[in-house]
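To start, the structure under review is shown below, and the notes come after it.
The values are calculated or read from the model by the stated rules, or taken from the named source; none is laboratory data. Quantities reported herein were computed from a predicted structural model and do not represent experimental measurements. So basically every Cβ, Gly included, is an ideal-geometry build from the backbone, and we count neighbours across all protein chains shown. With ligands, DNA and RNA removed, areas are computed over all heavy atoms of the protein, side chains included. Shrake-Rupley method; radii C 1.70, N 1.55, O 1.52, S 1.80 Å.
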Amino acid sequence: MKAKERLQKVMAEAGVASRRASEKLILAGKVKVNGEIIRELGTKVSNDDAIQVEGKLIEQEKKDYYLFYKPRGVISAVTDNHHRKVVVDYFPEVTERIYPIGRLDYDTSGILLVTNDGELANQMMHPRFKVAKTYLAKVKGIPTKEQLQQLEKGIMIDGRKTAPARIKKIAIKKDNSLWQLTIHEGRNHQVKKMFAAIGHPVNKLRRERYGFLDLTGLVSGQYRRLTGNEIERLRNLIKK
């Protein structure tokens, strides 16, 4: 069975009008679903339903979901005023209006979800859903046990304490070290600021996991479609 969405939301996503303006069209009796005039704002429709607005059939936008391995030196956006490379440049054959869920810094690589499902994107980014994100950070120097405990318990950045994090040692070298850090928040430059706060700035950063998804089978610059099962798992993840 295909998922159903509110009629005004579908109309807005199809470019008919804003959601509020679409509601006015419905109340005015100017919208038909499968040939029947609809005046109820709570009406839900699926991709199989034929929707007419003032006699014109609208085309519902097919939802697409991709897992992208973002390279360093790419902007997590649809456009850039400075003409730098952006995420959607890697999807030339995709005709839908896709955009990244959240962002990774220009010099940070790793997993990024790309979609045209605005509702799912907003839910995935909302802090109350606490979607786990795992990073591999190469930092200057070697943090002490006490410093690492500060990250695990929560540390003050930008005047606010971070939520507890999980940290695992990957490698220790003479002048730097490699750590795996898992957080549930998504503040601006959070991982970099956390390590900077304990005196060990990040030299290189990659996001390895987003929820249950990882980069298996991809190299930098590649993407793949999410499977139906993965999309369903994402929806279940944000329902918890």
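Taking each residue as 0.36 nm, the span from residue 236 to residue 212 lengthens on full extension beyond its C-alpha to C-alpha distance by 7.5 nm. Amide H to amide H distances under 5 Å link residue 86 with 75, where only residues 5 or more positions off or on other chains count and H is placed in the peptide plane. Each eigenvalue of the Cα gyration tensor of the stretch 166-206, multiplied by 5 and square-rooted, gives one semi-axis; in descending order these are 18, 12, 8 Å. A simple spin-label model places the labels of residue 160 and residue 184 1.6 nm from each other, with each point 7 Å out along Cα-to-Cβ. Think of each Lys and Arg Cβ as +1 and each Asp and Glu Cβ as -1; about the Cα centre, that makes the dipole of the stretch 1-68 roughly 220 debye. Derived scalar couplings between HN and Hα for the stretch 172-183 equal 10, 10, 4, 10, 8, 8, 10, 10, 9, 10, 10, 10 Hz in order, rounded to whole Hz, by the Karplus curve 6.51 cos²θ - 1.76 cosθ + 1.60 (θ = phi - 60°), x for Gly and Pro.
Extending 7 Å from Cα along the Cβ direction at residue 27 and again at residue 119 yields two label points whose distance is 2.1 nm.
Taking 18 Å as the limit for the C-alpha separation, the pairs 62/130; 32/62; 70/168; 30/56; 140/161 exceed it in the case of 62/130; 32/62; 70/168; 140/161.
The stretch 195-240 and the stretch 123-165 have their alpha-carbon centroids 16 Å apart. Placing R0 at 25 angstrom, the Cβ-Cβ distance between residue 97 and residue 17 gives a FRET efficiency of 0.95 after rounding to 0.05. Taking Lys and Arg as +1 and Asp and Glu as -1, the other residues whose beta-carbon sits under 9 Å from that of residue 201 total +2. Given axes a ≥ b ≥ c from the Cα gyration tensor, I'd like to know whether the stretch 1-118 is rounded (a/c under 1.5), prolate (a/b larger than b/c) or oblate. It comes out prolate by the Cα gyration axes. For the chain, the pair-distance distribution built from all alpha carbon pairs, in bins 10 Å wide starting at 0, is 7, 27, 27, 21, 11, 5, 2, 0 percent. Comparing 126, 200, 83 in a Gaussian network model of the chain (Cα springs below 10 Å), the most mobile by mean-square fluctuation is 83. Counting only protein heavy atoms and a 1.4 Å probe, the stretch 123-240 has 58 square angstrom of accessible area per residue.
Dipole of the stretch 190-240 computed with +1 at Lys/Arg Cβ and -1 at Asp/Glu Cβ about the Cα centre; of 229, 213, 200, farthest Cα towards the positive end is 200. Couplings 3J(HN,Hα) for the stretch 97-106, derived from phi with the Karplus relation 6.51 cos²θ - 1.76 cosθ + 1.60 (θ = phi - 60°), are 7, 8, 7, x, 8, x, 8, 10, 4, 3 Hz, where x marks Gly and Pro. When only the Cβ of Lys, Arg, Asp and Glu is charged (+1, +1, -1, -1), the dipole of the chain relative to its Cα centre reaches about 1120 debye. For the chain, the share of accessible area belonging to carbon and sulfur comes to 48 percent (1.4 Å probe, ligands and nucleic acids excluded).
Remark: the Cα gyration tensor places the stretch 12-71 in the prolate category, a/c being 1.5 or greater and a/b exceeding b/c.
Backbone phi angles across the stretch 211-222, fed through the Karplus curve with coefficients 6.51, -1.76 and 1.60 (θ = phi - 60°), yield HN-Hα couplings of x, 8, 8, 9, 9, 3, x, 10, 10, 3, x, 9 Hz in residue order; Gly and Pro are listed as x. What you get for the stretch 140-217, charging only the Cβ of Lys and Arg (+1) and of Asp and Glu (-1), is a dipole of about 120 debye around the Cα centre. A Förster radius of 41 Å, combined with the Cβ-Cβ distance separating residue 146 from residue 220, puts the computed FRET efficiency at roughly 0.70.
Assuming a ≥ b ≥ c are the square roots of the Cα gyration tensor eigenvalues, decide whether the stretch 122-240 counts as rounded (a/c under 1.5), prolate (otherwise, with a/b larger than b/c) or oblate. It is oblate, given that a/c is not under 1.5 and a/b is not larger than b/c.
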